[in-house]
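Below: the structure, in structure tokens.
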Amino acid sequence: MATVAARARVSGQTVSRVVNGSPRVDPGTRERVERAMAELGYRPHRAARALRTGRSQTIGLVVTTLATVGNSRMLQATAEAAGERGYALTVITAGVTVADAFERLAEQEVDGAIVLNEASALVPAAQRPAGLRLVVVDALTDDGFRSVHSDHAGGAATATAHLLGLGHSAVHHLAGPADSFAAAERERGWRETLRAAGIRPPAVVRGDWSAESGYAAGTALGAASAVFCANDQMALGLLRALAESGRRVPEDVSVIGFDDVPDAANYRPPLTTIRQDFTALAQRAVEALVADIEGADAAPGPLVVPTALIERASAG
């Protein structure tokens with residue numbers, strides 16, 4: 001650092017501020033320091049910094065599975081968001097309990113952890129090491145840590161209202177697993193919208209997020225004129241089942257999904273869906289955790305990320 005300071009003709013403190021991303025550096029000075037760092041091949045020493053600051057600049061990610069689209073997209077977005085803030089990411093997946101995952105992260109001396117989706121429901125019952133800062137995604141909690149989630153209920157309400165606005169007298173629901181926060185919130189938004197319109201909600205057909213479960217639901221939903229699916233994968237399976245039974249989409253049945261997976265625009269027909277902003281969701285989770293780690297003030301209550309209706313050809 002002293003060598004960099006000499007090359008850039010600044011103080012060692014100025015180099016330290018640049019290295020640590022402080023805003024208290026003139027842009028021209030910052031550029032000169034960064035150029036000197038590049039010329040000298042200077043890199044901050046993570047272990048030495050951890051000894052000095054008491055922080056490892058590493059956060060953990062706890063997830064039960066990476067097989068689902070939502071979890072894999074959240075992993076990608078969280079890794080990018082953490083990297084933008086100078087934090088490394090370590091991932092603990094299925095095969096251990098949430099309490100075991102917390103212990104392993106504590107052993108690695110992470111500064112905090114983000115818990116994703118299905119694993120979030122297990123957090124309240126899990127003992128966690130003292131001082132481990134947490135942000136949970138897709139859970140509501142008052143247990144002393146922050147929660148972040150998409151507006152699942154609002155998105156479901158938008159999808160249901162859209163189908164009613166197209167003239168359908170009822171909207172059926174292909175729901176996700178009963179123990180899922182996201183599935184429960186989407187079901188709630190669907191129910192409340194129908195009841196507000198004076199319509200008794202039909203019996204729920206439940207899947208497990210997979211296209212196979214959506215296909216299996218085709219028989220139970222054979223008489224529906226409109227179906228709101230709790231995710232795009234199940235909608236894909238339902239589209240196949242409807243096609244095989246001779247029912248046309250959207251002429252005979254309108255279908256709306258949730259997530260807006262990259263392939264949704266190439267379903268047959270292209271799928272109308274509710275878009276989750278996984279990038280914004282990960283950024284809010286990382287921001288909340290880093291604010292806690294670094295002692296910054298944070299807004300109270302859960303952080304809710306808006307969703308949006310993406311209209312395509314599957315609803316009419």
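Counting alpha carbon pairs within less than 8 Å and at least 6 residues apart, what relative contact order, in whole percent, applies to the stretch 260-316? Write out the running numbers ahead of the final one.
Values: 53 pairs, mean separation 30.2, N = 57.
Across the stretch 260-316, relative contact order equals 53 percent.
Let me have the 222 nm mean residue ellipticity of the chain computed from DSSP H runs of 4+ only, each contributing -39500 (n - 2.57), with the sum over all residues rounded to the nearest 500.
So the helix-based figure for the chain works out to -12500 deg cm²/dmol.
List the relative contact order of the chain as a percent without decimals, with contacts defined as Cα pairs under 8 Å and 6+ residues apart.
Relative CO of the chain lands at 16 percent.
Based on the Cα coordinates of the stretch 152-277, what is the per residue volume of their convex hull in Å³?
Once divided by residue count, the hull of the stretch 152-277 is 90 Å³.
Using the 10 angstrom Cβ neighbour count as an exposure proxy, how do Asp100, Asp232 rank, fewest first? Walk me through the numbers on the way to the answer.
On the way: Asp100 13, Asp232 24.
The fewest-first ordering by Cβ neighbours comes to Asp100, Asp232.
Specify, per residue and in Å³, the volume enclosed by the convex hull of the alpha carbon atoms belonging to the stretch 2-44.
Hull volume normalised by residue count: 58 Å³.
Grab the Cα-Cα distance for Gln13 and Ala291, subtract it from 0.36 nm times how many residues apart they are, and report the gain in nm with one decimal.
In short, 97.7 nm is gained.
Helix 98-107 sits at what angle to the longest principal axis of the chain, using alpha carbons and giving 0 to 90 degrees rounded to 10?
Around 10 degrees separate the two axes.
Calculate the FRET efficiency for Asp263 and Ala170 from the Cβ-Cβ distance with a Förster distance of 25 Å, rounded to the nearest 0.05.
Once rounded, the FRET efficiency stands at 0.30.
Dipole size in debye (nearest 20) for the stretch 2-44 around its Cα centre, Lys and Arg Cβ +1, Asp and Glu Cβ -1?
Dipole about the Cα centre, nearest 20: 60 debye.
Normalising by the residue count of the stretch 111-221, find the relative contact order in percent from Cα pairs under 8 Å and 6+ residues apart.
22 percent
Given springs between every Cα pair under 10 Å in a Gaussian network model of the chain, which of Arg30, Arg275, Arg133 has the largest fluctuation?
Arg30
Would you calculate the separation in nanometres between label points at Ala178 and Arg43, each defined as 7 Å from the Cα along the Cα-to-beta-carbon direction?
Inter-label distance under the simple model: 5.2 nm.
Which of Thr90, Ala161, Asn20 sits closest to the plus end of the dipole of the chain, meaning its Cα is farthest towards the positive end, when Lys and Arg get +1 and Asp and Glu get -1 on the C-beta?
Positive-most Cα among the choices belongs to Asn20.
I need Ile92, Ile199 ordered by Cβ neighbour count within 10 Å, fewest first.
Ile199, Ile92
Round to the nearest 10 and give me the degree value, 0 to 90, for the angle of helix 181-196's Cα axis relative to the longest principal axis of the chain.
It works out to around 50 degrees.
Of Val15, Val304, how do they rank once you tally other Cβ atoms within 10 Å and put the fewest first?
Numbers: Val15 25, Val304 16.
Fewest-to-most ranking of Val15, Val304: Val304, Val15.
How much length is gained on full extension from Val304 to Ala99, taking 0.36 nm per residue of separation minus their Cα-Cα distance?
Here the answer is 71.2 nm.
Return the distance in nm (one decimal) between the two label points of a simple spin-label model at Ser210 and Ala243, each offset 7 Å from Cα along Cα→Cβ.
Taking the two extended label points, one gets 2.0 nm.
Enumerate the whole-percent occupancy of each 5 Å bin, from 0 to the last occupied one, for all C-alpha pair distances of the stretch 59-213.
Result returned by the calculation: 2, 9, 16, 18, 17, 13, 10, 8, 5, 3, 1, 0.
Treat each spin label as a single point 7 Å out from the Cα along the C-beta direction, and report the Asp26 to Glu107 distance in nm.
Spacing of the two 7 Å Cα→Cβ label points: 5.1 nm.
Once percent of Cα pairs over 33 Å apart is worked out from the coordinates, which option in [x] 39; [y] 27; [z] 43 does it equal?
[x]
Give me the angle, in degrees from 0 to 90, between the Cα long axis of helix 69-84 and the longest principal axis of the Cα atoms of the chain, rounded to the nearest 10.
With both axes taken from Cα atoms, the answer is about 20 degrees.
A short reminder: the numbers here are calculations on the coordinates, not readings from a lab. Small disclaimer: the values here were computed from a predicted structure and weren't measured. Using ideal geometry, Cβ is built from the backbone for each residue, glycine included, and neighbour counts are taken over all protein chains shown.
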